[in-house]
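The values are calculated or read from the model by the stated rules, or taken from the named source; none is laboratory data. Just so it is clear, the structure is predicted and the values come from calculations on it, not from any experiment. Cβ placement follows ideal geometry from the backbone for every residue including glycine, while neighbour counts extend to all protein chains displayed. Heads up: the accessible areas ignore ligands, DNA and RNA and are worked out on the full protein's heavy atoms, side chains in. Shrake-Rupley method; radii C 1.70, N 1.55, O 1.52, S 1.80 Å.
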Amino acid sequence: MQTPGPIGVFDSGYGGLTVLKEIVRSLPQYDYIYLGDNARAPYGNRSFETVYRYTLECVKWFFSQRCSLVILACNTASAKALRTIQQNDLPVIAPDKRVLGVIRPTTEKIGEYSESKSVGIMATNGTVSSNSYPIEIERFFPGVKVYQEACPMWVPLVENNEYQSHAADYFIRKNIHSIFEKGNDIDVILLACTHYPLLKEKIEKYLPVGVKLLSQGEIVANSLKEYLHRHPEIETKCSKNSLRSFYTTDSAGDFDNHAARFFGEAILSKHIDL
Ligand code: DGL
């Protein structure tokens, strides 16, 4: 049998660290390897073909690091690349390995949070235009109304450390106002981009009273826990020494300076070329 390896966690940049943080909290015994494709981020405005190509390159890199399980902790990659990788690539390049995303675990749960049966999805252009959320929510919660709002400025605000600025207030207020104009009975707002939890405080300021704000970290962590329980054939291939390692396709120094904000503790990363 193959030697067990770490669980791979991927994002276009820093956002996936908000998910990894919750996964580590919930499943501290496993080893994790994180890759941020910062040199090519953001993915949000890129074409399907480009996001697919970049994501597949990163997935192959994880496989070269002995990962048997890779989590795409990026909604844009989950929306635009995951299905093709699962259906076309994995059977050919790595039939015994698994790649999971963040959209399915979220859409399996979201309907449970809404009393008005009306939910709002804040996401990148790429995630919104893929229509993945409305399609998946309809499968698990038929009849729940889904309103989407593309927030193309939110990731750049976070990536450029402007997320506490007045500019952030301006764009957040604008997008929140716009989604409630589309659906005034929304009672759950999902942050469907792993960068957005950093904007949570400001978003809460502009939400109507009583509206719940959901981010994905905890939902994805719980879902992974259940997945590992249901799939011992994958679980036994995941090593358990509580090790974490971090890689970026851009400058490791820059990554370390920014990453602590997302992960909640200091990080020492290494650079890789893909
Ligand atoms: N964090 C990624 C997501 O969850 C998107 C960031 C990007 O645009 O690259 O969608």
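Could you tell me what percent of the accessible area of the chain is made up of carbon and sulfur, with a 1.4 Å probe and every protein chain present? Mind dumping the intermediate values first?
Working: 5950 of 11980 Å².
Looking at the chain in its full context, I get 50 percent from C and S.
With every protein chain present, what is the per residue accessible area of the chain (1.4 Å probe, Å²)? Walk me through the numbers before you get to the answer.
Values: 11980 Å² over 274 residues.
Roughly 44 Å² per residue, with all protein chains present.
Sorted by average packing, counted as other Cβ atoms within 10 angstrom per residue and highest first, what order do 156-168, 129-141 take?
Numbers: 156-168: 15.9, 129-141: 17.5.
Packing order, densest peptide first, comes out as 129-141, 156-168.
Can you give the FRET efficiency for residue 240 and residue 211, using 1/(1 + (r/R0)^6), R0 = 41 Å, r = Cβ-Cβ distance, to the nearest 0.05?
That pair, residue 240 with residue 211, gives E of 0.55.
Would you kindly work out the equivalent ellipsoid of the chain from its C-alpha gyration tensor and give its semi-axes, the square roots of five times the eigenvalues, largest first in whole Å?
Here the semi-axes work out to 29, 21, 17 Å.
Mean separation of Cα pairs under 8 Å and 6+ residues apart, divided by the residue count of the chain: what relative contact order is that in percent?
Averaging sequence separation for qualifying contacts and normalising by length gives 28 percent for the chain.
Binning at 5 Å from 0, report for the stretch 140-274 what percent of all alpha-carbon pair distances ends up in each bin.
Result, from short to long distances: 2, 8, 14, 16, 16, 15, 12, 10, 6, 1 percent.
Can you check what the Kirkwood hydrodynamic radius comes to for the stretch 167-244, Cα pairs only, in Å to one decimal?
Every distinct Cα pair counted, the radius reaches 15.1 Å.
What figure, in Å² to the nearest 10, do you get for the accessible area of residue 48 with a 1.4 Å probe and non-protein molecules left out?
100 Å²
Using the alpha carbons of the stretch 93-213, what is the convex hull volume per residue in cubic angstrom, as a whole number?
About 119 Å³ per residue, rounded to a whole number.
Determine the equivalent ellipsoid of the stretch 140-197 by diagonalising the alpha-carbon gyration tensor, then write out the semi-axes as square roots of 5 times the eigenvalues, largest first, rounded to whole Å.
24, 13, 8
Run the paramagnetic zone check for residue 2: 7 angstrom along Cα to Cβ, then residues of the stretch 33-68 with backbone nitrogen under 20 Å.
33-35, 55-68
Kindly rank 20-29, 68-77, 265-274, 173-182 from highest to lowest mean number of other beta carbons found within 10 Å of each residue.
In descending order of packing, they fall as 68-77, 20-29, 173-182, 265-274.
Quickly rank 105-118, 212-225 as a protection proxy: mean count of other C-beta atoms within 10 Å, highest first.
In decreasing order of mean packing, 105-118, 212-225 become 212-225, 105-118.
Name the residues of the stretch 56-77 whose amide N is less than 17 Å from a point 7 angstrom out from the Cα of residue 48 along the C-beta direction?
Within reach of a label on residue 48, which here means backbone N under 17 Å from a point 7 Å along Cα→Cβ, the stretch 56-77 contributes 56, 76-77.
If you average 1/r over all unlike Cα pairs in the stretch 1-132 and invert the result, what Kirkwood radius do you get in angstrom?
15.4 Å
Using only DSSP helix segments of four residues or longer, with each worth -39500 (n - 2.57), what per-residue ellipticity at 222 nm results for the chain after dividing by its residue count and rounding to 500?
-12000 deg cm²/dmol
For the stretch 220-274, take N as its residue count and report Rg(C-alpha) divided by 2.2 N^0.38 Å.
For the stretch 220-274, the normalised Cα radius of gyration is 1.47.
Normalised by the number of residues in the stretch 1-120, what is the relative contact order in percent for Cα pairs under 8 Å and 6+ residues apart?
29 percent
Please give the contour-minus-distance gain from residue 266 to residue 87: 0.36 nm per residue of separation, less the Cα-Cα distance, rounded to one decimal in nm.
Between residue 266 and residue 87, full extension yields 60.7 nm more.
Taking 7 Å along the Cα-to-C-beta vector as the label spot, tell me the residue 254-residue 230 distance in nanometres, rounded to one decimal.
Spacing of the two 7 Å Cα→Cβ label points: 3.9 nm.
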